[in-house]
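A short worksheet on the structure shown next.
The values are calculated or read from the model by the stated rules, or taken from the named source; none is laboratory data. All figures in this text were calculated on a predicted structure; none of them were measured in a lab. Counting neighbours? That spans all protein chains shown, and the Cβs are built from the backbone with ideal geometry, glycine included.
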Amino acid sequence: MSAATTLAARRRLLQRLLAVALLPFAAGQRRVRAATAPLLSVDAPAAKAVKYVEDARRAPGAAPGSSCATCALYQGPNGSTQGPCQLFPGSEVKAAGWCSSWAPQM
Ligand code: SF4
């Protein structure tokens, strides 16, 4: 094996190690981007269609303990105050919110 081949192999190895080392930062960037999505307005037609409210305690149809934070469609991290919902792409919902499409987590 020549010196040039060894150097190229080392360079490729370093590039792979750097890519693996940066993966957590890339995942963090995705979370930051998701956190900057606009909050869903309760007045939006799509929100009204499913009776979305920002406080589940004010929703007559909400079962005790049901909120966006406990919904299968909620994509915010544990302990978040708001996060993405699969029902409303491009918007975030309040973790304390609720809508008539609430589904239990499996
Ligand atoms: S589908 Fe679930 S997470 Fe989305 S707004 Fe309704 S209750 Fe909240």
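General observations
- Where Asp43 falls short, out of the listed (1) more than 17 Å from Trp102 (Cα to Cα); (2) at pLDDT below 95: (2)
- Top-ranked residue of segment 51-69 - restricted to ones that are part of a loop (DSSP other than H, G, I, E, B) and under 19 Å from the mean Cα position of the chain (by Cα), ranked as nearest to the ligand (Cβ to nearest atom): Tyr52
- Only a single criterion out of (1) under 20 Å from the mean Cα position of the chain (by Cα); (2) modelled with pLDDT of 95 or more; (3) not aliphatic (A, V, I, L, M) is not satisfied by Gly28, namely (2).
- Lone qualifier among Thr70, Thr81, Thr36 - being surrounded by 13 or more Cβ atoms within 10 Å (Cβ to Cβ), among the hydroxyl-bearing types (Ser, Thr, Tyr) and free of Cβ contacts under 8 Å to residues at least 40 places away in the same chain: Thr70
- Some residue of segment 70-90 being within 14 Å of the ligand (Cβ to nearest atom), assigned to a helix (DSSP H, G or I) and at pLDDT 95 or above: yes
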